[in-house]
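Each remark here refers to the structure printed beneath this line.
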Amino acid sequence: MRFAPSPTGMFHVGSARSVLFNWAFALQNDGTLVLRIEDTDAARNRPEWIDGIVSAMAWIGIDGSKYEGPFRQSDNRDKHTAAAQRLYAQGRAYYCDCTREDVIARTGDQHRGYDGFCRDRGLGPGEGRALRFRAPDEGATVVNDLVRGETVFENAAIEDFVLTRGDGSVLFLLGNVVDDMDQRITHVIRGEEHLPNAPKQQLMWEALGAQPPAWAHLPVLVNEKRQKLSKRRDKVALEDFRAEGYLAAAMRNYLMLLGWAPKGDREIVPWDEMVTEFRLEDVNPSPAFFDVKKLRAFNGEYIRALPAEEFIAQCQPWLTAPAAPWSAERFDPAVFAELAPLAQTRVAVLPEIVAMVDFAFLPDPVEDEAAWTKAMREPAADILADVAAAYAEVPWQGDALRERLEAVGTAYGLSLGKAQAPVRVAVTGRTVGLPLFESLVVLGRTETLRRIEAARERVTGLA
RNA sequence: GGCCCCGUCGUCUAGCGGCCCAGGACGCCGCCCUCUCAAGGCGGUAGCGCCGGUUCAAAUCCGGUCGGGGCUACCA
């Protein structure tokens with residue numbers, strides 16, 4: 001099977017997504033990719049979800065403008081019922097007035113499905129009567145699946161499923177088929193949980209006199225307990241990842257790797273290459289666990305690969321209200337531009353940028369009790385005093401600042417690593433952070449001295 | 001219960017009968033580098049669920065078994 005390069009790449013991202021959000025994908029015979037959300041409850045009750053999902057899809061590069069909408073909201077209602085009537089006229093469907101309770105009473109089994117009671121009762125249409133598809137008694141329906149090969153379903157095991165409700169409304173199974181036929185869909189790509197529906201739908205395609213589409217049931221995504229991801233239980237919304245500072249490119253790259261791998265030992269692969277290399281037939285059929293740790297690692301790689309200006313641009317949402325802990329007036333883009341390159345290798349997710357640079361925009365260093373007690377041990381007060389004295393007149397440059405601090409440390413028999421700790425905490429409030437001397441240069445002599453002095457007083461006051 | 005799917009390091013995977021006493025990546029652990037933390041470099045850890053069979057040769061083929069998952073609605 002051949003696909004146009006562009007949609008194929010999307011298909012797989014979509015696969016992961018379809019599991020996350022009940023998206024299904026379909027390819028029309030003119031090559032148009034159609035996205036469809038299959039969770040009509042969400043569509044009906046929370047229309048804003050659709051906008052959110054479509055925008056999230058766009059975020060990772062999937063064109064949501066071809067979105068078709070859930071079948072219930074489509075204009076195909078007439079075609080749906082017409083198809084149901086054709087099936088009835090052909091004798092491929094029959095009316096049934098059994099209630100769920102009736103069936104259970106007869107079969108004594110909650111899970112056995114319909115027993116075919118009304119098959120030959122010759123019931124006509126009527127209020128409260130459902131229309132059921134008459135599944136073949138013998139033979140088998142083989143679903144040729146692009147990712148799993150041939151799957152055989154014994155027809156005898158396929159129950160006479162409902163096509164139309166007692167009130168005449170059409171069910172998903174049929175509506176879906178009719179819409180797909182109407183749109184000349186050639187490929188149905190969806191999550192594995194739909195596999196049991198495929199033989200039923202294929203039977204309908206055939207009964208309606210059409211050539212069934214190519215099916216591709218992609219692996220589901222599971223949680224650490226190996227259960228299918230669920231919206232209630234697991235964090236699955238793509239929007240959440242965007243909000244947490246993951247880059248779209250990293251996200252889509254990671255998603256592609258779930259159930260599929262590029263040739264060679266490559267994992268970080270440009271989107272264009274993914275798109276040309278991806279083939280549905282190569283998708284691994286087993287369920288995959290969504291590993292946030294690995295996503296995070298990928299995100300770090302993508303962040304580091306960003307050009308400096310781009311990195312700065314991506315950080316913006318976290319540097320301004322309401323995310324930023326400082327007031328807008330205190331933020332200085334020029335200062336940030338100096339700090340950004342130092343921070344770029346140190347953030348795995350964008351929001352981490354805040355803790356890296358906040359010392360420069362907050363009026364005072366952040367309060368961190370643990371950092372303070374750890375750094376302000378014994379000779380801290382003396383070191384602070386000596387450094388303050390030395391820094392009062394050094395040329396305000398990185399290497400000079402370093403030399404002076406190193407000298408102070410030596411006087412106390414401390415390595416630079418040990419000696420810098422009190423100064424770092426005094427100035428930034430944190431025990432870890434950007435390279436210290438570059439940070440001091442950006443902060444400026446006056447403010448640096450002020451903070452060192454404040455810390456010294458506090459240490460001696462406590463002592 | 002029935003039907004269906006799946007089964008390689010903890011995780012995502014490469015592998016499609018000999019190149020594999022199984023390769024890559026994330027994680028984890030060391031070492032180097034180093035003003036902290038990262039980044040970077042080097043090294044390590046760990047896997048073919050099990051049992052039979054086919055074959056000179058099996059992670060790769062076949063059967064069984066065990067385990068996991070999905071579906072089983074007049075939901076989608």
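Derivation of every value follows stated rules applied to the coordinates shown; laboratory data play no part. Everything numeric here is computed off the predicted structure, so don't read it as measured data. We place every Cβ from the backbone using ideal geometry, glycine too, and count neighbours over all the protein chains shown.
Note on A:Lys200: aspartates and glutamates with a C-alpha under 12 Å away, same-chain residues under 8 apart excluded, are A:Glu154, A:Glu159, A:Asp160.
Sparse packing (at most 12 other Cβ atoms within 10 Å of the Cβ) combined with a DSSP loop state is found for the following trypsin sites (Lys or Arg not before Pro) in region A:364-418: A:Arg377. Let me know the shape class of region A:221-334, please: from the alpha-carbon gyration tensor, a ≥ b ≥ c as square roots of the eigenvalues, rounded when a/c is under 1.5, otherwise prolate if a/b is greater than b/c, or oblate. It comes out oblate by the Cα gyration axes.
Beyond 25 Å between alpha-carbons counts as too far, so tell me which of A:Lys294/A:Lys418; A:Lys294/A:Lys374; A:Lys228/A:Lys293; A:Lys228/A:Lys294 fall in that bin.
Cα-Cα > 25 Å for A:Lys294/A:Lys418; A:Lys294/A:Lys374; rest within.
Region A:142-183 has equivalent-ellipsoid semi-axes of 25, 17, 6 Å, by the square roots of 5 times the alpha carbon gyration tensor eigenvalues, sorted largest first.
Nearest 5 is fine: what % of DSSP beta bridges in region A:139-216 come out antiparallel, could you say?
65
Multiplying each eigenvalue of the alpha-carbon gyration tensor of region A:293-353 by 5 and taking the square root yields semi-axes of 21, 13, 8 Å, largest first, rounded to whole angstroms. Over the C-alpha trace of region A:69-213, radius of gyration and Dmax come out as 15.2, 43 angstrom.
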